[in-house]
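Okay, structure first, notes after.
Just so you know, all these numbers are worked out from the coordinates, no wet-lab data involved. Keep in mind the model is a prediction, meaning the values are calculated, not measured. Here the Cβ positions follow ideal geometry from the backbone for every residue, glycine too, while neighbour counts run over all protein chains shown.
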Amino acid sequence: MIKQTRVLLAKYKWLKRVVFFLAFWILAHVTYITIDGMNEDISQADIAIVLGNRVESDGSLPSWTRGRVDRALELYKNGTVKLIFVSGGITKETGAMEAKAMKSYLVKQGVPENAVIEDNAGINTYHTAINFLNWNKEKQYSSVVIVSQFYHITRSRYILRKTGFEGNIYSASSRKYRWQDITGALREVPAFYKYLLAY
């Protein structure tokens, strides 16, 4: 009985170490992507790439999606970028096309239609990167500003670089914050390593 108890305690001690290590790793990763995303790296660039998010059934943008688009709009208006590439899929809950809604919003804010490139096949970060690269084969633009939530910046930059973009990659994050950013940052940990291994 005593021997069995010792074995059980040894197992729990090993399990506690694993749990502690994983918790530390997650905290370190979240801290890194938060600092990386909030520490904006903005410079003159050819184009802003806006990663999509949920839109309403009537085509309106919820605050967190509008925050990304407004950030790109600011970059366009102050002359930091000359073009805006909006990319997204179809919001499952509403059936709305994200890139179409983002472009419509930007045009209503005074951005010329020909200054906004619409990619409705950007169903995730990887597809956005691939779609941008395919579109850019003819254009050959060499500098971009990634625009998304702060916690999404690190993965977005990583996948754009990994899929073959060789130019300068800058970043700007949405200034709209919500409590779901906490869960969003935590989800970025497995998402990053999924992209690291799968793409």
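Summary value for the chain: 27 percent relative contact order, contacts being C-alpha pairs under 8 angstrom separated by 6+ residues. When the alpha-carbon atoms of segment 53-131 are used, the pair Rg, Dmax equals 11.8, 35 angstrom.
Simple rule: put +1 on each Lys or Arg Cβ and -1 on each Asp or Glu Cβ in the chain, find the dipole, and look at 15, 115, 81; the Cα lying farthest toward the positive end is 15. With 0.36 nm allotted per residue and the present C-alpha distance subtracted, the residue 114-residue 166 stretch has 16.2 nm of extension available. For segment 158-188, the residues whose backbone nitrogen is under 12 Å from a point 7 Å from the Cα of residue 40, taken along Cα to Cβ, are 171-176. So for segment 36-198, if I pair up every lysine 8 or more residues apart or on another chain, how many of those pairs have alpha-carbons under 25 Å apart? The result is 28.
For the chain, complete DSSP H runs whose alpha carbons reach 24 Å or more along their own long axis and whose mean Kyte-Doolittle score is 0.0 or higher are 2-38, 180-198. If R0 is taken as 30 Å, the Cβ-Cβ distance between residue 193 and residue 17 corresponds to a FRET efficiency of 0.90.
Within the chain, DSSP assigns beta bridges of which about 10% are antiparallel (rounded to the nearest 5).
For the chain, the spread of Cα positions along the three principal axes, ordered from largest to smallest, is 78, 37, 26 Å. Charging the Cβ of each Asp and Glu at -1 and of each Lys and Arg at +1, and nothing else, the dipole of the chain about its Cα centre rounds to 1200 debye. Given the DSSP H assignment, sum -39500 (n - 2.57) over each helix run of at least 4 residues in the chain and divide by its residue total; what's the result at 222 nm in deg cm²/dmol, nearest 500? Mean residue ellipticity, 222 nm, calculated: -18000 deg cm²/dmol.
Largest mean-square fluctuation among 103, 92, 162, in a Gaussian network model of the chain whose springs join Cα atoms under 10 Å apart, belongs to 92.
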